[in-house]
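> The following block contains the structure, expressed as structure tokens.
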Amino acid sequence: MLKSIFLAFGAASAVAQTQPAPGGCTTNSFTFPSWFVHNFTTNPAKYQAHYTLVNRATNYTLSVGCQGQDGTYYTCLASGPRYAMTFGGAVEPKATIAIVHVSEFWYCDDRQTPKADAARQSVRQAYDGLKFEASGNATVALVCNGDVCKSSNPVDLVKGSLSEPVAITPAYAEGPPGHKSPGCGALSKTPKWTLGTIIFINETGDGSSAIQSQSIQFQVTNEATGHVVGCLNYFLAGPGEDPRIQINCGGGTDRKSRYNIRTGTVFYPRSWKFEINETWYCDDVDSAKPVSITGTGSTTLPLNCDTGSTTTYCQADGVPVQGQVLSKTALAPYSIEDPIPTADGCTISSVLSPSWAFSNFELDKSTGDDVSSAAISFNLHLNTQNSLFDFPVFVYHDDVKLGDAETWYPGSFGAGEQPLAPKTASFRYHDKTQEIAIKMDWVCIDIDPEHPVQFSGVAPTKLPQLECEETDYGLARCVSAQGYKWNSPVSNVTWKSLEAGSV
């Protein structure tokens with residue numbers, strides 16, 4: 001029966017062009033596991049549905065056919081050049097909508113890591129690399145004509161939650177300010193801005209105690225998005241000059257968003273002419289059809305001024321600036337709230353090839369031949385490509401038995417430190433071989449703050465050459481070279497999900 005569905009619907013399934021997601025398979029799978037549903041079509045009278053599915057991480061396409069025994073639930077199967085057997089899905093038809101359920105697993109082989117190598121040994125060549133598994137659902141709005149109903153959009157988005165290799169639901173970006181504001185797209189056809197709290201100060205100077213300078217500050221509100229930026233600049237213009245002064249503006253950006261509003265303004269201090277050029281984004285009507293809009297406008301500021309002996313103080317408020325559209329560009333479907341695939345942070349580094357950086361090792365003990373214990377301390381930080389994790393954690397224990405290489409000593413952290421990486425740490429020290437092993441738990445929340453993942457493992461390492469000296473207090477102190485760092489891979493890594501809000 002499902003084969004006949006593929007034949008009946010397949011010829012009409014031309015997939016709309018969508019831009020491949022940036023980043024590689026592994027990065028995208030962690031960042032936004034999701035699918036595009038193209039050309040969703042259903043025939044309620046025959047309990048059938050069909051659509052084309054595109055995995056946004058792998059960019060592989062499957063043709064999906066669904067069949068039900070009644071009008072409440074359709075089971076779906078897929079056909080395609082790769083991974084058809086890794087798909088599972090269903091459709092719940094309603095009067096004016098259909099709920100599309102997607103479940104799929106896939107493999108990414110763009111990273112040469114120990115984890116990926118282990119996966120290659122356990123699966124056949126067709127399924128090569130690190131395994132990901134995700135599921136999700138989306139509501140598709142239908143438009144019906146006779147017996148056939150189609151999605152009101154050429155493409156719909158199904159956001160997924162990962163269950164492998166870790167159980168997380170990646171957080172999407174908020175997107176540029178105001179992109180969902182009601183009327184954003186319509187109001188952008190005739191751009192308008194409002195300038196508020198304008199203050200222009202002209203210091204003529206007196207040649208001795210006061211120097212010549214000018215400054216201007218104001219706020220700009222885009223009437224389509226409601227977004228407000230603050231602008232400020234100091235400059236110097238001679239008498240009679242009317243230079244083109246660029247004013248710095250900023251505010252309201254989202255570092256995780258792929259798109260951010262860009263505002264440029266210009267002020268002419270003698271003629272009081274003002275110009276603006278701004279790029280903003282709208283998808284208030286349809287998230288599948290986001291647009292980037294660049295507009296420009298100009299006006300002469302109606303400043304009210306008070307002049308003193310050396311200072312002219314001018315102000316205005318609520319000044320409208322009418323504009324026009326310079327360009328309007330269609331963006332990839334649903335891309336406004338896509339997070340940016342970034343350098344490997346805590347989660348990805350911990351899954352693929354975790355290692356810890358050691359530094360500032362110090363051993364303090366009494367002098368003499370019968371010394372049996374010492375205080376040991378060192379710094380640790382998780383190696384990632386993301387600078388947010390470059391801050392080391394101070395770990396110490398003040399009573400380590402030098403002749404005991406088997407006991408694990410609980411590590412204490414520096415005063416006031418409540419680190420996620422590591423969350424707990426214990427170590428054992430072999431005095432004769434100058435080896436130390438760290439057993440630790442650490443928590444990652446960089447991809448999904450609501451669902452922490454705790455990793456555990458052991459990092460054994462050989463200490464570098466230590467520099468030893470006797471201190472004024474009758475102690476022998478041995479330390480690693482100042483500023484020297486060395487890395488230790490983590491072995492036997494395991495992980496588990498923690499309760500939401502537990503970190």
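> Of all the residues that make up the range 359-417, how many are of a type in the set (Val, Ile, Thr) and either surrounded by fewer than 18 Cβ atoms within 10 Å (Cβ to Cβ) or at pLDDT below 85 (or both)?
Filtering the range 359-417 down to residues of a type in the set (Val, Ile, Thr) leaves 367, 371, 376, 384, 393, 395, 400, 407.
Filter once more, so that each one left must be either surrounded by fewer than 18 Cβ atoms within 10 Å (Cβ to Cβ) or at pLDDT below 85 (or both): 367, 371, 407.
Residues in the range 359-417 being of a type in the set (Val, Ile, Thr) and either surrounded by fewer than 18 Cβ atoms within 10 Å (Cβ to Cβ) or at pLDDT below 85 (or both): 3 in total.
> Tell me which residues, restricted to the range 27-48, are among the polar types (S, T, N, Q) and either part of a strand (DSSP E or B) or touching an Asp or Glu at 6+ places or on another chain (Cβ under 6 Å) (or both).
Pass one, the range 27-48, residues among the polar types (S, T, N, Q): 27-29, 31, 34, 39, 41-43, 48.
Selection gives 34, 39, 41, 42, 43, 48.
> Looking only at the range 49-74, which residues are in a strand (DSSP E or B) and within 30 Å of residue 258 (Cβ to Cβ)?
Taking the range 49-74 as the starting set, the residues that turn out to be in a strand (DSSP E or B) are 49-55, 61-68, 74.
Passing the criteria: 51, 52, 53, 54, 55, 61, 62, 63, 64.
> Could you look through the range 438-454, keep only residues that are touching a Cys at 6+ places or on another chain (Cβ under 7 Å) and in a strand (DSSP E or B), and pick out the one that is modelled with the highest pLDDT?
Filtering first and then ranking leaves 453.
> Considering only the range 120-127, I want to know if a residue exists there that is surrounded by 18 or more Cβ atoms within 10 Å (Cβ to Cβ), at pLDDT below 90 and either farther than 30 Å from residue 354 by Cα or not assigned by TED's automatic domain parsing to the domain that holds residue 280 (or both).
Of all residues in the range 120-127, those surrounded by 18 or more Cβ atoms within 10 Å (Cβ to Cβ) come to 127.
Filter once more, keeping what is at pLDDT below 90: 127.
Right, trim to either farther than 30 Å from residue 354 by Cα or not assigned by TED's automatic domain parsing to the domain that holds residue 280 (or both) and you get 127.
Looking for residues that are surrounded by 18 or more Cβ atoms within 10 Å (Cβ to Cβ), at pLDDT below 90 and either farther than 30 Å from residue 354 by Cα or not assigned by TED's automatic domain parsing to the domain that holds residue 280 (or both), one finds at least one in the range 120-127, hence yes.
> Also, I was wondering about something else. Please enumerate the residues belonging to the range 483-493 that are touching a residue at least 40 places away in the same chain (Cβ under 8 Å) and either farther than 20 Å from residue 382 by Cβ or in a strand (DSSP E or B) (or both).
Looking only at the range 483-493, we keep the residues that are touching a residue at least 40 places away in the same chain (Cβ under 8 Å), and these are 483-490, 493.
485, 486, 487, 488, 489, 493, listed by residue number.
> If you don't mind, there's one more thing I want to ask. Considering only residues that are within 29 Å of residue 494 (Cα to Cα) and either free of Cβ contacts under 8 Å to residues at least 40 places away in the same chain or in contact with a helix residue (DSSP H, G or I) (Cβ under 6 Å, 6 or more places away or on another chain) (or both), which ones fall in the range 354-377?
So the first thing to find is which residues in the range 354-377 are within 29 Å of residue 494 (Cα to Cα), and the list is 354-361, 376-377.
377 - this is the single residue of the range 354-377 that is within 29 Å of residue 494 (Cα to Cα) and either free of Cβ contacts under 8 Å to residues at least 40 places away in the same chain or in contact with a helix residue (DSSP H, G or I) (Cβ under 6 Å, 6 or more places away or on another chain) (or both).
> Kindly indicate whether residue 140 is at pLDDT below 65, surrounded by 11 or more Cβ atoms within 10 Å (Cβ to Cβ) and assigned by TED's automatic domain parsing to the domain that holds residue 97.
Details: at pLDDT below 65: no; surrounded by 11 or more Cβ atoms within 10 Å (Cβ to Cβ): yes; assigned by TED's automatic domain parsing to the domain that holds residue 97: yes.
So residue 140 does not fit the description; no.
> Next up: Among the residues of the range 143-156, count how many are surrounded by 20 or more Cβ atoms within 10 Å (Cβ to Cβ) and under 18 Å from residue 94 (Cα atoms).
So the answer is 4.
> Now, a different point. Could you please give the count of residues in the range 235-251 that are over 31 Å from the mean Cα position of the chain (by Cα), over 14 Å from residue 275 (Cβ atoms) and loosely packed, with under 13 Cβ neighbours inside 10 Å? Don't jump to the end; show me each part of the working.
Step one: list which residues in the range 235-251 are over 31 Å from the mean Cα position of the chain (by Cα), which gives 235-246.
If we keep only those that are over 14 Å from residue 275 (Cβ atoms) too, we end up with 235-241.
Next cut, loosely packed, with under 13 Cβ neighbours inside 10 Å only: 238-241.
Adding up the residues that qualify gives 4.
> Which of (1) touching a residue at least 24 places away in the same chain (Cβ under 8 Å); (2) not in a loop (DSSP other than H, G, I, E, B) does residue 344 not meet, given it meets every other one?
Going through (1) touching a residue at least 24 places away in the same chain (Cβ under 8 Å); (2) not in a loop (DSSP other than H, G, I, E, B) one by one, residue 344 breaks only (2).
> Considering each residue of the range 464-503, count those that are among the polar types (S, T, N, Q) and either in contact with a Pro (Cβ under 6 Å, 6 or more places away or on another chain) or at pLDDT below 85 (or both), and give that number.
Of the range 464-503, the ones among the polar types (S, T, N, Q) are 465, 471, 480, 482, 487-488, 491-492, 494, 497, 502.
Checking which are either in contact with a Pro (Cβ under 6 Å, 6 or more places away or on another chain) or at pLDDT below 85 (or both) leaves us with 471, 480, 502.
Selection size over the range 464-503: 3.
> Scan the range 271-285 for residues that are among the acidic types (Asp, Glu) and in contact (Cβ under 8 Å) with a residue 40 or more places away in the chain and jot them down. Steps first, please.
Residues of the range 271-285 among the acidic types (Asp, Glu): 275, 278, 283-284.
Hits for the range 271-285 are 278, 283, 284.
> Considering only the range 321-341, I want to know if a residue exists there that is more than 30 Å from residue 188 (Cα to Cα) and of a type in the set (S, T, N, Q).
So in the range 321-341, the residues more than 30 Å from residue 188 (Cα to Cα) come out as none.
No, because not a single residue in the range 321-341 is more than 30 Å from residue 188 (Cα to Cα) and of a type in the set (S, T, N, Q).
> Which count do you get for residues in the range 148-182 that are closer than 12 Å to residue 135 by Cα and in a strand (DSSP E or B)? I'd like the intermediate steps shown before the answer.
To start, the set of residues in the range 148-182 that are closer than 12 Å to residue 135 by Cα comprises 158-164, 167-169.
Narrowing further to those that are in a strand (DSSP E or B): 158-164, 168.
The qualifying residues number 8.
> Restricting to the range 302-345, name every residue that is acidic (Asp, Glu) and closer than 24 Å to residue 281 by Cα. Walk me through it before giving the result.
Taking the range 302-345 first, the residues acidic (Asp, Glu) are 306, 317, 337-338, 344.
Correct list: 337, 338.
The values are calculated or read from the model by the stated rules, or taken from the named source; none is laboratory data. Fair warning: this is a prediction, and the values are worked out from it, not measured in the lab. Ideal geometry is used to build each Cβ from the backbone, glycine not excepted, and the neighbour counts take in all protein chains shown.
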